[in-house]
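The values are calculated or read from the model by the stated rules, or taken from the named source; none is laboratory data. These numbers come from a predicted model, not from an experiment. Methodologically, a virtual Cβ is constructed for each residue, glycine included, from the backbone with ideal geometry; neighbour enumeration extends over all protein chains shown. Accessible surface areas use protein heavy atoms only, side chains included; no ligands, DNA or RNA. Shrake-Rupley method; radii C 1.70, N 1.55, O 1.52, S 1.80 Å.
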Amino acid sequence: MSKINELFNGKIHAINVGIEFFKDDIIKQNANASHLDWKPPGGGKPELINALDRLENAAVAEKIAAANKLAVERIINSQPMLVGFDQAINVVPGMTKTTILHAGPPITWDKMCGSMKGAVTGAIVFEGLAKDIEEAEQVAASGAITFSPCHEHNCVGSMAGVTSASMFMHVVKNKTYGNVAYTNLSEQMAKILRMGANDESVIARLNWMRDVLGPMLRDAMKIAGEIDLRLMLAQALHMGDECHNRNNAGTSLLIQALTPYILETDFTKEQKREVFDFVASSDYFSGPTWMALCKCALDAAHGIENSTIVTTMARNGVEFGIRVSGMAGNTWFIGPAQKVIGPMFAGYKPEDSGLDIGDSAITETYGIGGFAMAAAPAIVALVGGTVEEAIGFSTTMKEITTAENPNVTIPLLDFQGVATGIDIRQVIQTGILPIINTAIAHKDAGIGMIGAGITYPPMEAFEKALLAVTETISQ
Amino acid sequence: MSTKVVIKQSTYFDSVSLMSLSTKANQIEGVEQAVIAMGTDMNKEVLKNVGLLTPELEAAKTSDLMIVVKAATDELCESALIAIEELFKKKGGSKSATEIKYSTIDSAAASIPEANLAVISVNGAFAAREARKALENDLHVMLFSDNVSIEEEIALKQFAHEKGLLMMGPDCGTAIIGNVALCFGNAVRKGNIGIVGASGTGSQEVSVRIHDFGGGITQLIGTGGRDLSEQVGGIMMLDGIKALEEDEATKVIVLISKPPAASVQEKVLAQVKSCKKPVVVYFIGGEETPVLEAGGHFAKTSKEAAIKAVVLAGANEDELNKRALNWPLIEEVRAKLTPEQKYVRGLFCGGTLCDEAMYLAMDKYEDVYSNIQKKADYKLKNIHESKAHTFLDMGDDDFTNGKPHPMIDPSTRIARFLEEAKDPSVGVILMDFILGFGSHEDPVGVMLPAILEAKANAAKEGRHLEILGYVLGTDLDTPNFDEQVKKLMDAGVTIASSSTNAGLLAREFVAKGE
């Protein structure tokens, strides 16, 4: 029977695109209809539609599909292992005593936002490059400091992402592909360097982290050897974390794994006690750990010719930048950083907020964080307030991703894998932006975290990426 | 200023939930400052920063929930605390499982394997792209959108043809597939007559007349108005005929189109010739001979097409109420009109209804003008000014540019009607009222005030204004057919029983000296 005759004899199930009452009329007649939540592709911009059309040419589409399949396989098959902790100067590629790494795409001192400036000056004092914050500002402006994005040094950094030579780093190695990723240690929450605070209490904590916490973790990992982070991440999601803003379960799992080895180190009982108290002081201890895991997996998928998969989303508090696998190296596509909307600490108002900042959107790039909100019903307040909305966010993200990660699943969604492999073509086609749940830092230096909420990348970054990728692939 | 503290021991809430509750608590009337948080050191630090840390709070444990409210008076603090308690109460009764929303045809098709058809009505600039995606996903397409280029139409139809899929449209308002009307359509009985129509309201009219004569429809395939143009070459009409020929339920096939390109008519008639089932051909203004030579059944009007179809499908012709033209009525109206009232003005929502009435008028008169006239001399230069006999398709792009179709938004037609009604040379104004899926919920109701006003004005000037209405719909349609007709009759409007009769009555009402 021909397809047309099959239609005549079958039950109508229409997909309705456009005028909604056509769907209602079909349903009234006892047939099925599903209405699309449709927006003009590329926001209706002809150059973007033209680019999408060019990428849909059968031969081109085939090349992209093959490249994306490979990219997503590499993200999914990556097995990032925590293998150690060490000071940045010892491990991070390109690190020098006067290098300061920061979050997001490249930015110069004069353009940095308040919280990043606060963090940079704090780090300069911490490194002994200036005696106080005032002098640190002069040093920062003098050209004596090399500023560079964390991402360009196999690193990721929370919030301001400020990372200096003597800070201790996670060392995360990809067991499958061999690449290594690094990230700073959590300072826990609120009045901390990465949020832009830099007073004596902040520097004192950094000193303690350099002298006690970091070395203790380093020594513990020397004994432990390696810890399978992907396995732990999967467990944390099953325990109700989304591993960007909620890290309660993950932190428990991580410290549980580390504790026997910490106990075996040569530090004093008091020092060990300090470390456990510090971990207990906030649940954010494992936050950076997951970021390093995500970075490690995504770096393995970067630089695949013809791939349209996003491998980086990062913000410096002024600009939001993305990198795409098919554009090898450090090609950033940039748009303005957005506001973060969500609940705030007592005493602060939306106008106190700085713009979206940090490399932590690496978690969403991998498929957790905002993408896995359905795993974390306890913090649905971040995304509107209901579990249903949280589920909606997790399922909507499948519209812009290529695959589901079978290694990291969400119980509430019948153990479907997290949405993985953001495809810039699908973002432009659907007009759906990746959702990011994140902390809010004060707009001014020296204050710190004032809330948390959700935000989105600027569409502009994806538009620029699509146009550039189209040129590269069509050549 | 007053501050109240409540500490709930061993009560755990996640910090983010508490931040959200705090934010809401700060919005409570009269609250100066409110903090709801677990008793951690960090939260105590926050309280200290905003000057709210009391010894009681200082003593709270990590596992204790702290609620602090600062307001102008004790009473305000107390009422705020009550309001905060409310915030903790679960809203409950959350909605049932949400329908999953898809944003693209690709994802919807992948997730709904039983989907078999896409109905596309987005802006023309994006429509072809969506239609192509639907076809790529093996979905048949009903493309309602207009402003799709002819090149895109050809590409889509060729692609559909290769894949064996229906590609109805673009600019196609009507289809009935498996007894389900898509976009604009009427509720008609299931039966054994299949229709392939290159005109929307023409297909609606024939399906409604078939229903009226006791017959029924298997499928109504709308091809879009340009299908029988030279460029498109009738791709979908040819595929449609073939599909209906293979459809066991279909006994008779009816073809409807505005006049096709000669070469395309030839192709279509060649297919009619080889078709094993009887085919009724109603090409508006078309010629009988080639149809008969192809072994087809020629119909000059939509009504004739419906009658031939039901008879071929098994109805007894003698038992049909063919609703013959009411000649006594015609005489009566002629008598009421002055010698100056010579002209018909037709104001149509339905393009083919306009075309049919116009062709019937052209059979009798020379000076028949329209915005859709084929003869250049009689195509209105200024569509806003009527001349002699004028038939306007108000759903045509000239009128709808940037506005909704008059089937949905009647404002343009109402204004034009009031203009025409003032013209002393006008004898009859003819209007269609289209019922059914997709149409206005009360097409007669929105026109009534204007009709009453025009009638009253004409009476004041001592002139009879004949208003002729045609309601396209069946007894199964919404809004109710009988009610719509009654409203018109109560307003003194004469009712025609079909599109064909509407055209014939209009032209005969104004005929002089016969």
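So, in the range A:335-346, of the ones that are crowded, with 21+ Cβ neighbours inside 10 Å and closer than 25 Å to A:E460 by Cα, which residue ends up farthest from the other protein chains (Cβ to nearest Cβ)?
The selected residue is A:A337.
Since B:T250 meets every condition but one in (1) open to solvent by less than 30 Å² (accessible area, probe 1.4 Å); (2) away from every other protein chain (no Cβ under 14 Å), which condition does it not meet?
The one condition B:T250 does not meet is (2).
Test A:A160 against the criterion of being among the small types (G, A, S), crowded, with 24+ Cβ neighbours inside 10 Å and touching a Leu at 6+ places or on another chain (Cβ under 6 Å), and give yes or no.
So A:A160 does not fit the description; no.
If the requirement is being within 19 Å of B:S370 (Cβ to Cβ), outside the structural domain of B:G214 (by TED's automatic domain parsing) and either open to solvent by less than 50 Å² (accessible area, probe 1.4 Å) or of a type in the set (D, E) (or both), which of these qualifies: B:L435, B:L488, B:L468?
So the residue among B:L435, B:L488, B:L468 that is within 19 Å of B:S370 (Cβ to Cβ), outside the structural domain of B:G214 (by TED's automatic domain parsing) and either open to solvent by less than 50 Å² (accessible area, probe 1.4 Å) or of a type in the set (D, E) (or both) is B:L468.
What are the residues in the range A:347-373 that are crowded, with 24+ Cβ neighbours inside 10 Å and of a type outside the set (A, V, I, L, M, F, W, C), if any?
A:G354, A:D356, A:G358, A:D359, A:S360, A:T363, A:E364, A:T365, A:Y366, A:G367, A:G369, A:G370
Quick one: in the range B:104-149, which of the residues that are open to solvent by 20 Å² or more (accessible area, probe 1.4 Å) and charged (D, E, K, R) is farthest from B:A175 (Cα to Cα)?
B:D106
Have a look at A:P288, A:P215 and point out the one that is closer than 29 Å to A:A328 by Cα and outside the structural domain of A:L467 (by TED's automatic domain parsing).
A:P288
Output the qualifying pairs, or none if there are none: Cβ atoms under 8 angstrom, residues six or more apart or on different chains, first residue in the range A:316-329 and within 19 Å of A:L433 (Cα to Cα), second residue in a loop (DSSP other than H, G, I, E, B) and acidic (D, E).
Qualifying pairs under 8 Å: A:G317/A:D356; A:F320/A:D356.
Identify all residues within the range A:133-157 that are outside any helix (DSSP H, G or I) and open to solvent by 10 Å² or more (accessible area, probe 1.4 Å); write none if there are none.
A:G143, A:A144, A:I145, A:T146, A:F147, A:S148, A:N154
Would the range A:434-451 turn up any residue that is closer than 15 Å to B:S103 by Cα and either under 18 Å from the mean Cα position of the chain (by Cα) or surrounded by fewer than 21 Cβ atoms within 10 Å (Cβ to Cβ) (or both)?
For the range A:434-451, residues closer than 15 Å to B:S103 by Cα and either under 18 Å from the mean Cα position of the chain (by Cα) or surrounded by fewer than 21 Cβ atoms within 10 Å (Cβ to Cβ) (or both): present.
Collect the residues in the range A:302-317 that are farther than 18 Å from A:N154 by Cβ and either small (G, A, S) or surrounded by fewer than 22 Cβ atoms within 10 Å (Cβ to Cβ) (or both), keeping them in residue-number order.
Within the range A:302-317, A:E305, A:N306, A:S307, A:G317 meet the criteria.
Looking at B:E248, B:E230, B:E266, can you tell me which residue is at pLDDT 95 or above, over 27 Å from the mean Cα position of the chain (by Cα), in a loop (DSSP other than H, G, I, E, B) and more than 22 Å from B:G314 (Cα to Cα)?
Of B:E248, B:E230, B:E266, the one residue that is at pLDDT 95 or above, over 27 Å from the mean Cα position of the chain (by Cα), in a loop (DSSP other than H, G, I, E, B) and more than 22 Å from B:G314 (Cα to Cα) is B:E230.
In the range A:443-458, what residues are under 22 Å from A:G118 (Cα atoms), touching a helix residue (DSSP H, G or I) at 6+ places or on another chain (Cβ under 7 Å) and of a type in the set (A, V, I, L, M)?
A:A445, A:M449, A:I450, A:A452
Every residue in the range A:409-433 that is surrounded by fewer than 24 Cβ atoms within 10 Å (Cβ to Cβ) and of a type in the set (A, V, I, L, M, F, W, C), please.
A:L412, A:L413, A:F415, A:I432, A:L433
Residue by residue through the range B:150-167, note down the ones that are open to solvent by 10 Å² or more (accessible area, probe 1.4 Å) and within 15 Å of A:K3 (Cα to Cα).
Across the range B:150-167, the qualifying residues are B:F159, B:H161, B:E162, B:K163, B:G164.
Looking at the range A:388-397, which of the residues that are more than 7 Å from every other protein chain (Cβ to nearest Cβ) and not small (G, A, S) is nearest to B:I100 (Cα to Cα)? Spell out how you get there, then give the answer.
Let us first name the residues in the range A:388-397 that are more than 7 Å from every other protein chain (Cβ to nearest Cβ), namely A:389-391, A:393-394, A:396-397.
Okay, now just the ones that are also not small (G, A, S), so A:389, A:391, A:393, A:396-397.
Details: A:E389: 12, A:I391: 10, A:F393: 11, A:T396: 9, A:M397: 12 Å.
Here the residue is A:T396.
Going through the range B:366-383 one residue at a time, which ones are over 25 Å from the mean Cα position of the chain (by Cα) and of a type outside the set (S, T, N, Q)?
Hits for the range B:366-383 are B:E366, B:D367, B:V368, B:Y369, B:K374, B:K375, B:A376, B:D377, B:Y378, B:K379, B:L380, B:K381.
Could you check the range A:460-475 and list, in sequence order, the residues that are open to solvent by 50 Å² or more (accessible area, probe 1.4 Å) and touching a residue at least 60 places away in the same chain (Cβ under 8 Å)?
Within the range A:460-475, A:E460, A:K464, A:L467, A:T472, A:S474 meet the criteria.
Of the residues B:E266, B:E245, only one is open to solvent by 10 Å² or more (accessible area, probe 1.4 Å), within 14 Å of another protein chain (Cβ to nearest Cβ) and over 28 Å from B:L325 (Cβ atoms); which?
The unique qualifying residue is B:E245.
Can you pull out the residues in the range B:160-186 that are out of contact with any Ser or Thr (no Cβ under 6 Å at 6 or more places or on another chain) and under 14 Å from B:T474 (Cβ atoms)?
Restricting attention to the range B:160-186, the residues satisfying the condition of being out of contact with any Ser or Thr (no Cβ under 6 Å at 6 or more places or on another chain) are B:160-163, B:165-169, B:171-173, B:175-183.
B:I176, B:N179, B:A181, listed by residue number.
Filter the range A:380-392 for residues that are open to solvent by less than 20 Å² (accessible area, probe 1.4 Å) and at pLDDT 90 or above and give the result.
A:A390
Take the range B:370-394 and flag every residue that is surrounded by 24 or more Cβ atoms within 10 Å (Cβ to Cβ) and within 22 Å of B:S199 (Cα to Cα).
B:S370, B:T390, B:F391, B:L392, B:D393, B:M394, listed by residue number.
Scan (1) among the hydroxyl-bearing types (S, T, Y); (2) open to solvent by 30 Å² or more (accessible area, probe 1.4 Å); (3) closer than 17 Å to B:L488 by Cβ for the single condition B:S411 breaks and write down its number.
(3)
From the residues in the range B:471-485 that are open to solvent by 10 Å² or more (accessible area, probe 1.4 Å) and of a type in the set (A, V, I, L, M), which one is farthest from B:F184 (Cα to Cα)?
Once the filter is applied, the top-ranked residue is B:V485.
So how many residues does the range A:202-232 have that are part of a loop (DSSP other than H, G, I, E, B) and either of a type in the set (G, A, S) or more than 27 Å from the chain's Cα centre (by Cα) (or both)?
1
Based on what the data block shows, is A:F320 open to solvent by less than 20 Å² (accessible area, probe 1.4 Å) and of a type in the set (F, W, Y)?
Judged against the criteria, A:F320 is a match.
Residues of the range B:19-36 being within 9 Å of another protein chain (Cβ to nearest Cβ) and either without any contact (Cβ under 8 Å) to a residue 40 or more places away in the chain or polar (S, T, N, Q) (or both), which ones?
Correct list: B:M19, B:S20, B:S22, B:T23, B:N26, B:Q33, B:V35.
I'd like to know if the range B:126-138 contains one or more residues that are out of contact with any helix residue (DSSP H, G or I) (no Cβ under 6 Å at 6 or more places or on another chain) and either part of a loop (DSSP other than H, G, I, E, B) or in contact (Cβ under 8 Å) with a residue 60 or more places away in the chain (or both).
For the range B:126-138, residues out of contact with any helix residue (DSSP H, G or I) (no Cβ under 6 Å at 6 or more places or on another chain) and either part of a loop (DSSP other than H, G, I, E, B) or in contact (Cβ under 8 Å) with a residue 60 or more places away in the chain (or both): present.
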